[in-house]
Amino acid sequence: MANERPSKRGAATSSVHGGELRQQEANAITTPIYQTSTFWFKNSREVMDYQEGKTDREEYGRYGNPTWRAVERKLSELEGGDETVLFASGMCAATTTFFTMLPRDSHLIVTSDCYRRTRQFIEEFLSRMGVEVTVIEPSNLESFENAIRDDTALFFTESPTNPYLRVTDVEATCRIAHARGVKVIIDSTFATPVNQRTLDEGADLVIHSATKYLGGHNDLLAGTVTGSKEIVDPIRRALGVLGGIIDSHGAWLLLRGLKTLALRMDRHNSNGMALASYLEAHPKVRKVWYPGLESHPDHATAERSMTGFGGVVTFEIDTDLEGAIRFIDSTRIPYQAPSLGGVETLIELPVTMSFWDYTPKQRESWGITDSLVRLACGIEAEDDLIADIEQALTRV
Ligand SMILES: *Cc1c(COP(=O)(O)O)cnc(C)c1O
């Protein structure tokens, strides 16, 4: 396997203790918010020792801060990677990584079921570097193998994807990719290191929008990249140039949120499974996408590689846009909002939210129908969520 977990502790222990220095100033238990833009040197000797790599310390706020470092170490332990870099957002993590890893005039393979802004970045910005892109269907190993060219540098996919929760066979994908010298980056935002250990399966890099489950409280934006030192170090240097850093208060909120990650994921997983099963049996629901259901196209892969399937459930109601709007506007517990992974349940109609800017033809090509709903279960009581969805479905 590509990477061994630095520590063999369980995810619940790593969530709490990973990356935290046991001895803090004043014997505090928690890591402080280091609210400083720069770090001073006592004399020129210290400056020169630092420049020569003889001391391990911080220099200037764009290159590092002890509060971020704790988050980075915790994520490295949870993912089983050498190094993690923390960013201001998930998009910043993805764009900085692409800029760093894609040579001019190279080739990139991505999947169709891909976060819209990532797709936009590839089309609008990477094309200026002469990067060509091939889009393939998710979890199709044959089309992936066929898409690889001599100049292919990277394969990037989310797993599970948004909104259909397609699950990539990371191990098989990496076997094919590595034989042809292609690096594999997995956006594991929907899985988290609790549900899937993507690096252990051979991925070169794992990316998160930490805005979602890792932060977990709908109160911050952040992104992370984890992998080997060899791959991550250049990305860290690029961050120092491009400047998309998180502030120390945001990093501290993430550190605090991460402590309950394993605990929260248990409830997200059980709520997701309960709601998916409930919805699949409901006469007003045409179709449900959830990797924990046997009806999902990637159920077997998900069962093999994941220990839980997360809180996001996508379903299509047997109605038109008006009916879907009546349903969503009648829900009482969920907030109608984009995003996922926080303690509060969120709900959206992709057609009115992330896909509003696209033509009906484009939406159709992605399967985004007018009555498609994305439900991102929080950690509320399962019975209350089901009762609320039940009463809202009577309004369809
Ligand atoms: C939200 C999200 C992103 C973007 O992350 P931000 O933190 O909002 O910048 C990228 N990938 C996936 C899968 C996401 O859900």
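The values are calculated or read from the model by the stated rules, or taken from the named source; none is laboratory data. Just so it is clear, the model here is predicted, and its values are computed rather than measured. Because the Cβ atoms are built from the backbone with ideal geometry, glycine has one as well, and the counts that use them run over all protein chains shown.
Table: residues versus (1) under 27 Å from residue 241 (Cα atoms); (2) surrounded by 15 or more Cβ atoms within 10 Å (Cβ to Cβ).
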residue	(1), (2)
12	no, yes
18	no, yes
36	yes, no
45	yes, no
72	yes, yes
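Among 214, 205, which is the only one that is within 12 Å of the ligand (Cβ to nearest atom) and assigned by TED's automatic domain parsing to the domain that holds residue 162?
Values: 205 fails: within 12 Å of the ligand (Cβ to nearest atom).
One residue alone meets the criteria, 214.
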| request: Look at residue 77 and say whether it is in contact with a Pro (Cβ under 8 Å, 6 or more places away or on another chain), within 30 Å of residue 16 (Cβ to Cβ), at pLDDT 95 or above and charged (D, E, K, R). | output: yes
Determine whether segment 190-213 contains at least one residue that is farther than 30 Å from residue 370 by Cβ, of a type outside the set (S, T, N, Q) and assigned to a helix (DSSP H, G or I).
yes
Exception for residue 124 within (1) surrounded by 12 or more Cβ atoms within 10 Å (Cβ to Cβ); (2) within 28 Å of the chain's Cα centre (by Cα) falls at (1)
(message) Just to be sure before I move on: is residue 112 modelled with pLDDT of 95 or more and either within 17 Å of residue 188 (Cα to Cα) or within 15 Å of the ligand (Cβ to nearest atom) (or both) in the structure I sent?
(response) no
All-but-one check, residue 253 against (1) part of a helix (DSSP H, G or I); (2) within 14 Å of the ligand (Cβ to nearest atom); (3) closer than 19 Å to residue 309 by Cα; (4) among the aliphatic types (A, V, I, L, M), failing number (3)
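Which residue, of 343, 288, is assigned to a loop (DSSP other than H, G, I, E, B) and surrounded by 15 or more Cβ atoms within 10 Å (Cβ to Cβ)?
On the way: 288 fails: assigned to a loop (DSSP other than H, G, I, E, B).
Result: 343 is the single residue among 343, 288 that is assigned to a loop (DSSP other than H, G, I, E, B) and surrounded by 15 or more Cβ atoms within 10 Å (Cβ to Cβ).
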Checked pairs for segment 199-215, first modelled with pLDDT of 95 or more, second away from the ligand (no atom under 14 Å from the Cβ) and acidic (Asp, Glu), C-beta under 7 Å and 6 or more apart or across chains, list as 199/79; 201/171; 202/171; 206/79
Does residue 136 meet the test of being under 23 Å from residue 314 (Cβ atoms), in contact with a helix residue (DSSP H, G or I) (Cβ under 7 Å, 6 or more places away or on another chain) and away from the ligand (no atom under 16 Å from the Cβ)? yes
The correct count of residues that are buried (at least 20 other Cβ atoms within 10 Å of the Cβ) and among the basic types (Lys, Arg) in segment 187-238 is 2
Given the structure, is residue 334 more than 17 Å from residue 115 (Cβ to Cβ) and either surrounded by 20 or more Cβ atoms within 10 Å (Cβ to Cβ) or not β-branched (Val, Ile, Thr) (or both)?
-> yes
For segment 347-367 the number of residues that are within 16 Å of the ligand (Cβ to nearest atom) and without any contact (Cβ under 8 Å) to a residue 60 or more places away in the chain is 3
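When segment 38-87 is examined, which residues are found to be part of a loop (DSSP other than H, G, I, E, B) and either closer than 23 Å to residue 14 by Cα or not assigned by TED's automatic domain parsing to the domain that holds residue 221 (or both)?
Of segment 38-87, the ones part of a loop (DSSP other than H, G, I, E, B) are 39-43, 52-59, 61-65, 80-82.
Of everything in segment 38-87, those that are part of a loop (DSSP other than H, G, I, E, B) and either closer than 23 Å to residue 14 by Cα or not assigned by TED's automatic domain parsing to the domain that holds residue 221 (or both) turn out to be 64, 65, 80, 81, 82.
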Exactly one of 248, 305 is touching a Phe, Trp or Tyr at 6+ places or on another chain (Cβ under 6 Å) and either on the phi > 0 side of the Ramachandran plot or surrounded by 16 or more Cβ atoms within 10 Å (Cβ to Cβ) (or both), and that residue is 248
Within segment 87-107, the residues that are surrounded by 14 or more Cβ atoms within 10 Å (Cβ to Cβ) and away from the ligand (no atom under 16 Å from the Cβ) are 100, 101, 102, 106, 107
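Is it fair to say residue 220 is on the phi < 0 side of the Ramachandran plot, of a type in the set (A, V, I, L, M, F, W, C) and either in a helix (DSSP H, G or I) or not assigned by TED's automatic domain parsing to the domain that holds residue 73 (or both)? Before you say what the answer is, go through the steps one by one.
Values: on the phi < 0 side of the Ramachandran plot: yes; of a type in the set (A, V, I, L, M, F, W, C): yes; either in a helix (DSSP H, G or I) or not assigned by TED's automatic domain parsing to the domain that holds residue 73 (or both): no.
Criteria not met by residue 220.
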Pairing a residue in segment 325-340 that is more than 15 Å from residue 312 (Cβ to Cβ) and in the same structural domain as residue 356 (by TED's automatic domain parsing) with any residue that is surrounded by 15 or more Cβ atoms within 10 Å (Cβ to Cβ) and among the small types (Gly, Ala, Ser), where Cβ atoms lie under 8 Å and the two sit 6 or more apart in sequence or on different chains, gives 327/392; 328/392; 330/392; 331/392; 332/392
